[in-house]
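The values are calculated or read from the model by the stated rules, or taken from the named source; none is laboratory data. Small disclaimer: the values here were computed from a predicted structure and weren't measured. For neighbour counting, all protein chains shown are included, and Cβ atoms are generated from backbone atoms with ideal geometry for every residue, glycine included. Ligands, DNA and RNA are excluded from the accessible area calculation, which covers all protein heavy atoms including side chains. Shrake-Rupley method; radii C 1.70, N 1.55, O 1.52, S 1.80 Å.
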Amino acid sequence: MPKALQDLLQPEFKNGISTSTGDGGSYENRYGTAYWPELRKSNKVFIPSKTTIFFLYDDLLPHKIMTLNFTKSNKTSNFLPRKIAETIPFSSNMLPQILKYFSIKPSSKEAQFAKRTIEDCEAPNIRGENKYCATSLESLVDFVITKFGKKVQALANEAEKENREQEYTILKGIKMIGDKQIVCHKQRYAYAVFYCHTINATKAYTIPLEGVDGSKAKAIAVCHADTSAWNPKHIAFQILKVKPGGPPVCHFLNCDTIVWVPN
């Protein structure tokens with residue numbers, strides 16, 4: 001299990017123990033989203049610092065230098081057991097009750113994040129996308145199994161140095177880990193919620209890296225061959241100076257994003 005997922009388990013679930021799902025079964029301890037939904041409602045675009053997020057597939061080569069920061073959030077929310085998560089509303093029309101349940105002030109940033117998470121989960125799929133919002137680890141695993149079966153692998157970024165922006169050189173050993181994958185992005189919410197989706201014409205890669213300080217990392221990147229359904233104002237097009245339906249666009253995933261691929 002990737003550390004990014006392990007860290008979200010409740011303390012009593014972290015020791016490799018089989019944990020009840022609450023329905024008679026059991027399980028064993030074992031990227032922003034591609035189209036950035038907030039752009040649907042806003043013409044404002046935030047261009048990040050010099051850190052590389054989006055890049056063209058043609059730049060996925062050994063010796064290429066990119067500026068990266070493997071950030072680890074200090075604020076993390078754990079998974080709730082499914083039997084508890086399923087008793088808590090998760091819909092826009094129940095937002096006031098949700099905020100009250102978690103003692104979140106309606107005017108706070110946390111309330112805004114909660115509202116956005118629910119809206120993104122309720123929004124219609126883009127063309128070629130199949131999505132699901134998992135409100136517990138059990139429901140996340142069930143979704144993956146329905147798509148790929150039980151023989152799957154979970155991957156996430158690995159870095160010796162975190163929260164440090166620096167130049168990294170791509171090393172030899174780039175590996176395509178699958179042209180079918182489920183990417184699960186952790187959302188800002190009162191407890192761990194993952195926005196999981198599959199997108200057609202997409203490939204995932206593991207990329208070995210070495211920082212200028214000598215530290216090593218292995219990053220996960222996803223490359224999209226078909227961007228024709230993306231919002232024309234998508235930040236990737238502005239950074240890369242390309243248009244929807246143009247050359248394949250790749251992006252690194254956040255450190256709290258999990259990629260599932262069939263074995």
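List of remarks:
- Apolar share of the accessible surface for the range 95-190: 49 percent from carbon plus sulfur atoms, 1.4 Å probe.
- Dipole check for the range 133-186: with +1 at the C-beta of Lys and Arg, -1 at the C-beta of Asp and Glu, and the Cα centre as origin, the magnitude is about 280 Debye.
- Relative packing of peptides 250-261, 210-221 - highest average C-beta neighbours within 10 Å first: 250-261, 210-221
- Whole-Hz ³J(HN,Hα) from phi, Karplus 6.51 cos²θ - 1.76 cosθ + 1.60, for the range 132-149, glycine and proline x: 7, 9, 9, 9, 7, 5, 4, 6, 5, 4, 4, 4, 4, 5, 5, 8, 10, x
- Shape category assigned to the range 167-233 from the gyration tensor of Cα positions, a/c cut at 1.5: oblate
- Per-residue ³J(HN,Hα) for the range 223-235, Karplus 6.51 cos²θ - 1.76 cosθ + 1.60, θ = phi - 60°, Hz, x for Gly and Pro: 10, 10, 6, 10, 10, 5, 8, 6, 4, x, 8, 3, 4
- Cross-link pairs Lys147/Lys218; Lys151/Lys180; Lys109/Lys203; Lys115/Lys241; Lys216/Lys241; Lys83/Lys151 - those with Cα-Cα distance over 23 Å: Lys147/Lys218; Lys109/Lys203; Lys115/Lys241; Lys216/Lys241; Lys83/Lys151
- Backbone amide hydrogens, once placed in the peptide plane, bring Phe70 within less than 5 Å of Asn163, Arg164, excluding anything fewer than 5 places away on its chain.
- Mean accessible surface per residue for the range 53-172, computed with a 1.4 Å probe while every protein chain stays in place, in Å²: 60
- For the range 52-62, putting each phi into the Karplus relation 6.51 cos²θ - 1.76 cosθ + 1.60 with θ = phi - 60° gives couplings of 6, 10, 9, 8, 7, 4, 5, 8, 7, 9, x Hz, in residue order, rounded to whole numbers and with x for Gly and Pro.
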